[in-house]
Amino acid sequence: MIDSDLRPATLGSGLRLVARNALAARQWEAHYLEGAGAGRAAGVAPAFSAYRTWLADTWRAALAADDSRVLLTRQQSAALWRAVIQASPDAGRLLELRHAARWAAQAHGLLADWGLGARDVENADASRETQAFLAWQRSYLARLREAGWLDESSLSRELPHVAAPEALVLHDPVSPTQAEQALFATLRSRGWAIATKAAPSTHCTARQLDLHDADEELERAAEWASARLEARPDSRLALVVPDLARRPAAVMQRVRRAFGGSLLGSAIGLPLAARPAIGAALGALELATGRATFATLSRWLRSPFFHGIEGPAQNDAAAAEAALRSDLCAQLPFLTAYAQAGLAGRLAALVPDLAERLRAGLEVLRAPRPRATPDVWARAWSHGLARLGWPAPDSGDDAATLDAWEAALATLARLTPIIGVCSQETAIEQLRAATETPVAALLPLHGLHVLARADDVGPGYSGVWVTGVTDRAWPEPARLNPLLPAGLQIRHALPWSTPADSLARARATLARLRTRTSEVVLSRPRLVHDYRSLPSPLLAGIASITPADLARPRRAPAVEKPRRPLESIADPAPPFTAARIPGGARTLDAQARCPLRAFCETRLDARALPSPPRGLSPGARGIATHRALELVGSASPAATSAAVAASVQRALAQTFGPARRALAALFELEAARLREVLARFIEAERRRPPFRTLGVEQKTEVRVGAFALACRYDRLDELADGTLALIDYKSGASRAKSRWLDGRLASVQLPLYGLEIGARLSALLTLELGGRTIAYRGAARRPDLIAETLRAVPEAPAWTALLERWRTQIHALVEEFVGGDVRLYAEDWSDAAGEYAPLTRVYAHAELRQPEAIHEE
């Protein structure tokens, strides 16, 4: 064991200061910077190295003139493990290659740290998983020998043979492995001066606290830290959050909101891939792979990191993305849609400049296909992203982000001798791995440090709050490596191999906390997800407190200022000056149900982006059905099956366009469905009394007062008595009855079209095609003239009075729309909810005024 206690008068000349890891190194530097180090003046911090960094730096310095052996980085070692496993016979039965490579690297490191070899493993177990690992390890070691490489696991064994003696101070060493103990014993025998230094001890007050859940733990801990720092601004506090590594951004956001101070830092920063600019670049690289979808293209089109934050390019790209969402090509893999389904042409028509940029970028990104070395991929991606427009000049990227991206590409390039040629997908996975390691965050000298483990608490903290101290977390469950025999790990007391070892480690951690800081708060959430938690057995004997015991000191109540009366500001809609009401009947429908939404949609032109559908969208299906019915035309009762099939083919060909070949299966399914719909439609039409079709898909214009509305009716029939029936096709499923008799006319389309026809109108019908049978619904002066399946509005008033009533209601809706009426109706609140809620504020109004009608003021 390392037990010497050398206390140098100074921590300078000739000494190497080493801490357990990078975080501990920063904590010790801060500790000495504050003047807490023995014999050292405040204001100058010595340089510390993490243990692994010291090993690698010492090795490289010893072999500066010898290029025959190369020390692999962690990324290179991980890539080599993955390449070895991928080339093995077991690769085909693995669910996740990445996890297998991680477990294999961990198992290899454990064996090296605890002086175990392949024979120890073979003697312990002959399971299939273990045999697979041993085969991978043999291949891995063979690759190292053949190439003259070393990995980190070899350094403890190789370093004493090459390194010159030094003076070394190990700060706060905890549970050294057998390899570390052997290393330091050998170094001492070769003239090294090695000392250890523990964190200063202090008297500690430990308390435990039960809170409702993890959110309340963070809130209370932040309040505690704020109060302590208010009393002593020069102190440093630690907050331990066990799941910090899984959700660093969410935890820090919660703490920052409650803490409210700038003296806040996290031991685990966000990975490079979490930075928006880097995420945009990684997403754009996918465009050149077979995994790219319309969503991949969508992110590129909408990203400010390629088109700038503001300006015409960004606006044009966003408009093109919105227009393409309803295209059938949006359902295909991106490269298929781009090359075979007309997407390239659609982009060229919508945004020619961006389309050319995309073409040039894809040409470079795909240039090394199908396989190339990582350095070739890195160069191609750097040039390809530049052609795609990354990074846009005004996207706000800082130099540090761009430097980090270049470093990630360099990391990828250094994998070339390890994995050789690879597919673009594999290279992208390796690049993502290089950007997913959390970037070390800066910790303030004074303030609150958020840590992931209680073991991470180093020297210099005046108080520590540990969250999540439940029976399931303290002690942590034992965790065995799945590729090593369980008996071997237990017999040799490998870390975390047994519950007893986990318990001993938890006790040691708690003991360290209680000797290196003056205040420790251990909190437990009573509710974890959906189950009740129990306190850790390690809390036995620790005094309990309540949240009130941690409350801030009371201050004198502030003098309440008199409240100013609320001020109402009139904000009328601007006058409507156009001669035509945009949207036609649809606008009046929206005005009847939710005036405020109608204003947002039509006057503000605010519409939610539709989600790309799966299969043929309802809108596209309706267009195809209407077109097929139009092609069948007035000859529908006498149409032959050949005529129906030809109409269906022509209608769907227009709907599918260039995507027909790529979506051939969907085309045939829709053709079969539409042929069946038309057959039922023709049969229903044959049962009708004699009629003559006067027009199909006719455009017209209806005037309501001084304003015009564009209209397009599906079909106009002349009946046997010379009157007219206006028919609207509904290709969807059966709907509830139209709201034609409500106090507010909420289904305006057919009544509005009827105003243009005049006195000859005798029926307004919807022809429902989506059910198993054809149904005629609506209102008619003489239902027997239409069809036997007509379901007229029961107890309808006299026909002339009904038409006049509709005329009055439509005029009222037009006047409301033109006048800027923006009411909200409680009975139709769902129209103002959903994506329109931020504009309508419907939920706030509903809280205040349900169930009365809600008016925007």
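The values are calculated or read from the model by the stated rules, or taken from the named source; none is laboratory data. Quick caveat: nothing in here was measured; it's all calculated off a predicted structure. Please note: Cβ atoms are built from the backbone with ideal geometry, for glycine as well, and neighbour counts cover all protein chains shown. Protein only, heavy atoms only, side chains kept; ligands, DNA and RNA dropped before computing areas. Shrake-Rupley method; radii C 1.70, N 1.55, O 1.52, S 1.80 Å.
Quick notes
- Share of carbon and sulfur in the accessible heavy-atom surface of the stretch 348-468 [1.4 Å probe, %]: 56 percent
- Unit charges on C-beta of K, R, D, E only; dipole of the stretch 175-283, Debye: 560 debye
- Accessible area (Å², per residue) of the stretch 425-536, counting only protein heavy atoms and a probe of 1.4 Å: 42 Å²
- Accessible area per residue, Å², the stretch 646-756 with all protein chains present, probe 1.4 Å: 45 Å²
- Crossing angle, helix 248-259 versus the chain [Cα axis fit, 0-90 degrees, rounded to tens]: 90 degrees
- Cα lying deepest toward the dipole's positive end in the stretch 333-428, options ALA378, PRO391, GLY342, charges on Cβ: GLY342
- Whether the stretch 285-376 is rounded, prolate or oblate, judged on the alpha carbon gyration tensor where a/c under 1.5 counts as rounded: oblate
- When each of the peptides 315-327, 511-523 is scored by the mean number of other C-beta atoms lying within 10 Å of its residues, the order from highest to lowest reads 511-523, 315-327.
- Cα gyration tensor shape of the chain, rounded if a/c is under 1.5, else prolate or oblate by comparing a/b with b/c: prolate
- Look at the dipole of the chain built from charges on Cβ: of LEU480, LEU362, ALA238, the Cα furthest out on the positive end belongs to LEU480.
- Assigned charges on the beta-carbon of Lys, Arg, Asp, Glu; the stretch 377-502 dipole about Cα centre (debye): 400 debye
- Tensor-based shape of the stretch 164-274 (alpha-carbon gyration tensor, a/c under 1.5 rounded, otherwise prolate or oblate): prolate
- Environment charge at TRP377 (Cβ cut-off 12 Å; Lys +1, Arg +1, Asp -1, Glu -1): +1
- For the chain, with +1 on Lys and Arg beta carbons and -1 on Asp and Glu, the positive-most of THR196, PRO613, ALA104 along the dipole: ALA104
- Solvent-accessible area, 1.4 Å probe, carbon plus sulfur percent, for the stretch 126-265: 48 percent
- Charge dipole of the chain (Cα centre as origin; +1 on each Lys and Arg Cβ, -1 on each Asp and Glu Cβ, all else neutral): 880 debye, rounded to the nearest 20.
- Think of it as helices only: each DSSP H run of n ≥ 4 in the chain is worth -39500 (n - 2.57), and spread over all residues that comes to -13500 deg cm²/dmol at 222 nm.
- Relative to the longest principal axis of the Cα atoms of the chain, helix 664-686 runs at roughly 30 degrees.
- Helix axis angle, 374-388 relative to the chain longest principal axis, alpha carbon, degrees: 40 degrees
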